Amino acid sequence: MKNKEVASYLSKIDQPKKDMAVDLINNIQNFAPNAEIYMSYGMPCFKYKGRYLIGVGAFKNHVSIFPGGEITTLFSKELVGYKTQKGTIQIPIGKKFPEELLEKIIHHITKRIDNN
């Protein structure tokens, strides 16, 4: 991990949440290789072309991704089975978030940023 603050954050997470968060971060980096990882709001986040892309956080009973408000509405049918709030998707402990869905979400956000 290039970012020491992110590495420190991850080192403090217990298993299996740590593996879940690392998997999400690695997939985000694969789907948005030009995105920059940084810490914000106490969790790893990514920015793309200087704008917020997505965040990943580990909590007591779940791991969450924070792709922004419109995503939970736009992808509501694909997010059935996940607890969502505006801009937040909660992933139950031990459940793998589908890579193809994460890729679609990342591509939607990067396309929106590219077009603005």
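The values are calculated or read from the model by the stated rules, or taken from the named source; none is laboratory data. Everything numeric here is computed off the predicted structure, so don't read it as measured data. The area values use the complete protein model at the heavy-atom level, side chains included, leaving out ligands, DNA and RNA. Shrake-Rupley method; radii C 1.70, N 1.55, O 1.52, S 1.80 Å.
Brief remarks follow.
- Here Gln15, Gln29, Gln90 are screened, and the one residue that is assigned to a loop (DSSP other than H, G, I, E, B) and either at pLDDT 95 or above or of a type in the set (D, E, K, R) (or both) is Gln15.
- Residues located in segment 10-44, provided they are open to solvent by less than 40 Å² (accessible area, probe 1.4 Å) and of a type outside the set (A, V, I, L, M, F, W, C): Lys17, Asn27, Ser40, Pro44
- Of the numbered criteria (1) in a loop (DSSP other than H, G, I, E, B); (2) among the charged types (D, E, K, R); (3) under 12 Å from the mean Cα position of the chain (by Cα), the one Lys47 fails is (1).
- Tally, over segment 68-116, of residues that are open to solvent by less than 30 Å² (accessible area, probe 1.4 Å) and within 20 Å of Cys45 (Cα to Cα): 16
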